[in-house]
Amino acid sequence: YEAAAALRAGGVPSPTRSYGPPRAFEPPAGEPGAPVTLPQVRRHDLAGASGIVRVKPARGETLLDGSAEGLASLASLGGVGPGRATLYAADLQPAAIRRAASRGAELVVTDSNRRRSYLSSRARQSFGRVQAAAESLSRDAARLDPFGDGPDAQTVVEYEGVRALRSPASPNFPSFPEHRPFAALDGDPGTWWTADRNLDEERHWLEVEFEEPRDVPYVVLLPQRESESEVTEVEIAGRRFAVRPGRQVMNLGLRNARGLRLAITKVRGPAARENGPGAIAELSIPGVSARERLRTPRRLESALAGAGLERSSLSYVFTRQTGDEPFRRVPRLDPQRGSVPRDKSQEAPLVAEPGDPERGFRRRITPPAARLYAADGWVTVDPAAPDHVLDRLAGEDATGRLDSSGRLLGLPRHRASRAFDGDPRSAWRADARRGQAPWISWRSREPATVGRIELDLAPGAPVPRAARLSADGRPSPLLPVSAEGVVRLEAPLRGQSFRLELRPGPPQRGASAAIAELRAPGAPEHEALVNGRLPGRCEIEVRAAGRRLRMRPTGSRADFEAGLPQRAHPCGGTVLLPAGE
């Protein structure tokens with residue numbers, strides 16, 4: 001997507017364009033620096049695009065710190081023009097950077113050229129996690145570093161609360177940065193570190209290095225069931241502990257420890273299937289609160305520190321780290337992911353459900369001069385965002401507070417309100433998730449008594465085996481669902497907040513429930529808006545050095561419903577960031 005944006009904005013020749021025969025060019029004689037006249041070269045300009053060979057003015061150039069990926073991101077924001085020369089800061093000496101700034105160059109710092117491994121032999125999940133400046137890549141790893149100038153020209157990871165996090169990983173298989181070591185210390189049980197299944201079992205370890213020696217009386221461990229496998233034993237600081245599901249305290253009694261190593265020593269799984277390597281959702285260490293951020297390349301910032309930049313603009317461009325297909329994010333469907341017979345390849349099920357290393361941005365920048373900043377960008381809908389929030393962002397009435405257990409592929413067009421809009425062509429569709437019954441909820445304007453619910457199923461949708469209705473938190477018994485989709489309650493329920501839980505039968509790929517229309521006493525009639533543009537509510541927030549900027553999405557409702565990126569523009573106002581970190 002970003003590459004396509006760069007091609008539209010940059011000087012790539014059109015395939016409909018032809019050129020005359022090649023011609024040798026001999027510059028006229030003259031003193032160095034004297035003006036020259038270039039000979040005319042015949043060409044047939046059918047598309048008006050720039051040629052492969054172009055002459056750019058020496059003044060007014062763009063200096064970009066980062067790599068081509070950052071240039072693509074800048075182009076998607078309209079920051080690459082056909083009449084400007086673009087230079088990489090890592091190609092220039094500090095004096096040349098300062099001279100360009102004095103001429104009025106546009107200065108851009110990106111978070112591209114990341115310090116990470118790259119796997120060219122795979123089409124999916126080919127980028128490893130971003131590494132720290134002092135961290136060495138594996139000897140058998142390939143990397144994309146066009147400048148070879150070390151960490152100063154790269155985007156690197158930095159930690160707060162810990163000095164370093166380490167875990168062995170093979171760079172020759174698909175990578176899943178969302179399961180990097182930090183996922184076990186981020187305080188979020190919905191993320192987890194996974195040992196590398198391609199390495200020997202004795203290398204299934206995670207190591208934390210503290211900022212300074214500290215006592216560790218105990219740790220709290222939360223294992224993660226992964227690929228139908230469960231961790232049953234770990235070794236921490238040389239001591240073995242049995243592991244059971246759920247959070248558990250493990251007493252260590254360490255004093256003046258410089259770090260901690262946790263190794264997964266035993267995993268239990270199905271006998272006929274390949275066991276997963278083991279995963280840890282949370283490792284809580286008393287007094288340790290780890291945070292992670294990316295530090296952008298600093299060639300440009302360092303060269304211009306303290307320089308007068310009155311004639312130059314200064315921009316920062318960030319791109320969120322995602323797995324493949326970030327606009328069709330699939331929630332984790334079931335713990336069988338990656339669990340296949342021992343003689344089958346595990347790669348296909350593993351790459352089928354990629355995750356995102358980042359849901360937002362956290363960056364460290366060091367502007368060389370004070371500036372006023374505004375914010376704009378491209379945004380997409382968080383797959384975990386509540387349905388009623390999406391109704392409000394779309395400009396629809398959200399007073400009925402229509403919500404659900406989730407949307408198929410995380411797409412807004414499958415949210416709960418599509419079961420109340422009176423249009424049989426739209427539907428609420430839920431993902432098939434093992435161990436979780438899909439549900440849909442609504443709120444009536446006035447208290448209502450419900451004794452019968454009618455469900456119009458979407459074409460091809462599975463018929464629920466049973467359902468349970470709750471009113472203001474009071475559940476009914478499990479109720480049968482007729483072939484026509486009718487649910488009858490022997491004892492009607494009265495309330496204002498209702499939730500219908502469905503039992504769709506065995507889980508399957510795709511939707512486990514798909515309701516085109518739901519009719520019940522007091523159920524709201526929702527007016528869906530599918531044409532036109534979003535109302536542009538200022539609900540996207542950027543925080544910088546304690547200051548806040550807001551943006552508003554300005555795209556079409558059709559793109560919003562499809563989960564496609566929306567252009568976000570500033571809501572007015574700027575923030576002043578001083579020079580320095």
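The values are calculated or read from the model by the stated rules, or taken from the named source; none is laboratory data. Just so we're clear, the structure is a prediction, and the values are computed from it rather than from any experiment. Virtual Cβ from ideal backbone geometry, glycine too; neighbours counted across all protein chains shown. Side chains are part of the model used for accessible areas, which takes the heavy atoms of the whole protein and leaves out ligands, DNA and RNA. Shrake-Rupley method; radii C 1.70, N 1.55, O 1.52, S 1.80 Å.
A few remarks follow.
- Against the numbered list (1) open to solvent by 60 Å² or more (accessible area, probe 1.4 Å); (2) under 24 Å from the mean Cα position of the chain (by Cα), V389 comes up short only at (1).
- Restricting attention to region 290-314, the residues that are open to solvent by 40 Å² or more (accessible area, probe 1.4 Å), among the polar types (S, T, N, Q), modelled with pLDDT of 95 or more and not in a helix (DSSP H, G or I) add up to 0.
- For V12, the stated conditions hold: it is of a type in the set (V, I, T), modelled with pLDDT under 65 and under 30 Å from A568 (Cα atoms).
- Pairs where the first residue, in region 556-581, is under 13 Å from V381 (Cα atoms) and the second is among the acidic types (D, E), C-beta under 8 Å, 6+ apart: P565/D559; Q566/D559; R567/D376; A568/D376
- Exclusive hit being in a strand (DSSP E or B), at negative phi and either open to solvent by 40 Å² or more (accessible area, probe 1.4 Å) or modelled with pLDDT under 95 (or both), set R429, R434: R429
- Taking the numbered list (1) closer than 19 Å to S284 by Cβ; (2) touching a residue at least 12 places away in the same chain (Cβ under 8 Å) in turn, A242 passes all entries but (2).
- Hits in region 101-121 (condition: among the charged types (D, E, K, R) and open to solvent by 20 Å² or more (accessible area, probe 1.4 Å)): R103, E106, R115, R116
- E282 vs. criteria modelled with pLDDT of 95 or more, open to solvent by less than 30 Å² (accessible area, probe 1.4 Å), closer than 21 Å to R166 by Cβ and of a type in the set (D, E, K, R): yes
- Entry remark, region 392-426: residues being surrounded by fewer than 24 Cβ atoms within 10 Å (Cβ to Cβ), of a type in the set (K, R) and closer than 13 Å to A514 by Cα number 2 in total.
- Scanning region 557-570 for residues that are open to solvent by 50 Å² or more (accessible area, probe 1.4 Å) and hydrophobic (A, V, I, L, M, F, W, C) returns A558, L564.
Each row is one residue, and each column tells you yes or no for (1) surrounded by 17 or more Cβ atoms within 10 Å (Cβ to Cβ); (2) without any contact (Cβ under 8 Å) to a residue 24 or more places away in the chain; (3) acidic (D, E).
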{"position": "I440", "(1), (2), (3)": "yes, no, no"}
{"position": "R443", "(1), (2), (3)": "yes, no, no"}
{"position": "A448", "(1), (2), (3)": "yes, no, no"}
{"position": "A461", "(1), (2), (3)": "yes, no, no"}
{"position": "R465", "(1), (2), (3)": "no, no, no"}
{"position": "R468", "(1), (2), (3)": "yes, no, no"}
{"position": "D472", "(1), (2), (3)": "no, no, yes"}
{"position": "L478", "(1), (2), (3)": "no, no, no"}
{"position": "G495", "(1), (2), (3)": "yes, no, no"}
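- The listed residue being aliphatic (A, V, I, L, M) and more than 26 Å from the chain's Cα centre (by Cα), out of L77, L71, L63: L63
- Tally of residues being closer than 30 Å to Q496 by Cα and either open to solvent by less than 50 Å² (accessible area, probe 1.4 Å) or in contact with a Gly (Cβ under 6 Å, 6 or more places away or on another chain) (or both) across region 535-556: 1
- Top-ranked residue of region 178-224 - restricted to ones that are out of contact with any strand residue (DSSP E or B) (no Cβ under 6 Å at 6 or more places or on another chain) and polar (S, T, N, Q), ranked as surrounded by the most Cβ atoms within 10 Å (Cβ to Cβ): T191
- Condition check for E541: modelled with pLDDT under 95 and not in a strand (DSSP E or B): no
- When Q154 is tested against (1) open to solvent by 40 Å² or more (accessible area, probe 1.4 Å); (2) modelled with pLDDT of 95 or more; (3) under 21 Å from the mean Cα position of the chain (by Cα), exactly one condition is not met: (1).
Let's see how each residue does on (1) over 24 Å from the mean Cα position of the chain (by Cα); (2) closer than 21 Å to V109 by Cα; (3) hydroxyl-bearing (S, T, Y):
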residue	(1), (2), (3)
I540	no, no, no
R543	no, yes, no
G546	no, yes, no
R552	no, no, no
S556	no, no, yes
A562	no, no, no
P570	no, yes, no
T574	yes, yes, yes
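- Residue within region 475-492 that is under 37 Å from the mean Cα position of the chain (by Cα) and either at positive phi or assigned to a strand (DSSP E or B) (or both) present: yes
- Some residue of region 497-520 being of a type in the set (F, W, Y) and farther than 24 Å from L469 by Cβ: no
- Flag if G70 is part of a helix (DSSP H, G or I) and either more than 22 Å from T194 (Cα to Cα) or open to solvent by less than 20 Å² (accessible area, probe 1.4 Å) (or both): yes
- So R509, is it open to solvent by 70 Å² or more (accessible area, probe 1.4 Å) and modelled with pLDDT of 95 or more: no
- Within region 200-239, the residues that satisfy the criterion of being in contact (Cβ under 8 Å) with a residue 60 or more places away in the chain and hydrophobic (A, V, I, L, M, F, W, C) are L206, V208, F210, V216, V219, V220, L221, L222.
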